[in-house]
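Engineer: Here you go, one structure.
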Amino acid sequence: AQYLEALYQGFANIYEPEAIPPYKFEIHIFNTHQDFMAAAAAHGFQISEGVGGFFVPGLQSIFVYEDSGKWGGEDFSVEHVMAHECSHQFLHITCNGSAHVPTWINEGLAVYFEAGFVKNGQFVECMPKERIAELKHVYHQTKKTIFPVERYLAHYDHITAAQYGEVYAMTNFW
């Protein structure tokens, strides 16, 4: 709970809401990946094996699992995944629904928060080093962006894992 309150303060500093939300969303933290997948299926969500968590606006809930770091390393810990999903949650609250928010800003802000950490009750910003390293590698190989930058502005659908670094860079730049 203290971790989530510290995240909230970090979100409020970035999103600058006009008022504190009148309610708090549910956070479901499962012990194992298997429990997480079973809960997702029980709620009718078809998710792929590589998903560490998700936010469901209709249920006002976040689903994550404790052993997520086993699957994706230190940057995929339950804290990082929860910060990412909580960012989606808070953007949804702040913008009266997030369906009208382009993916680049929604995911870019989520990556911003997933890369940070909480120290002494305060959110501390960090750069997502692994995502940026992967992005640099892709740019070095292809000599172009993963997705045409001008198309991001009107894109409201899923993006690939590699694009998360790109949308973070866009968000950080703007």
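Engineer: Step by step: first the residues of segment 150-174, then only those that are touching a Phe, Trp or Tyr at 6+ places or on another chain (Cβ under 9 Å) and part of a helix (DSSP H, G or I), then the one that is modelled with the lowest pLDDT. Which residue is that?
Structural biologist: Here the residue is ASN172.
Engineer: Based on what the data block shows, is GLU49 out of contact with any Asp or Glu (no Cβ under 7 Å at 6 or more places or on another chain), over 24 Å from GLU130 (Cβ atoms) and either part of a loop (DSSP other than H, G, I, E, B) or open to solvent by less than 20 Å² (accessible area, probe 1.4 Å) (or both)?
Structural biologist: So GLU49 does not fit the description; no.
Engineer: Would you mention how many residues in segment 1-34 are open to solvent by less than 100 Å² (accessible area, probe 1.4 Å), assigned to a helix (DSSP H, G or I), over 24 Å from VAL51 (Cβ atoms) and not hydrophobic (A, V, I, L, M, F, W, C)?
Structural biologist: Qualifying residue count, segment 1-34: 3.
Engineer: Within segment 52-68, work out how many residues are of a type outside the set (Ser, Thr, Tyr), open to solvent by less than 40 Å² (accessible area, probe 1.4 Å) and under 21 Å from LEU109 (Cα atoms).
Structural biologist: Going through segment 52-68 one residue at a time, the tally reaches 8.
Engineer: Yes or no: HIS100 of a type outside the set (D, E, K, R), in a loop (DSSP other than H, G, I, E, B) and over 13 Å from the mean Cα position of the chain (by Cα)?
Structural biologist: yes
Engineer: In addition: Scan segment 128-173 residue by residue and report those that are over 20 Å from GLY52 (Cα atoms), touching a residue at least 60 places away in the same chain (Cβ under 8 Å) and exposed (fewer than 11 other Cβ atoms within 10 Å of the Cβ).
Structural biologist: Matches in segment 128-173: none.
Engineer: Six or more apart or on different chains, Cβ atoms under 6 Å: show the pairs whose first residue is in segment 71-91 and closer than 17 Å to ARG131 by Cα and whose second is part of a helix (DSSP H, G or I) and of a type in the set (D, E, K, R).
Structural biologist: ASP75/GLU130; HIS80/GLU114; ALA83/GLU114; HIS84/GLU114
Engineer: Would you point out which residue out of PHE30, PHE63 is within 17 Å of the chain's Cα centre (by Cα) and closer than 23 Å to ALA115 by Cα?
Structural biologist: On inspection, the qualifying residue turns out to be PHE63.
The values are calculated or read from the model by the stated rules, or taken from the named source; none is laboratory data. If you're wondering where the values come from, they're calculated on a predicted model, not measured in any experiment. Positions of Cβ are generated from backbone atoms using ideal geometry, with glycine treated the same way; all protein chains shown enter the neighbour counts. Side chains are part of the model used for accessible areas, which takes the heavy atoms of the whole protein and leaves out ligands, DNA and RNA. Shrake-Rupley method; radii C 1.70, N 1.55, O 1.52, S 1.80 Å.
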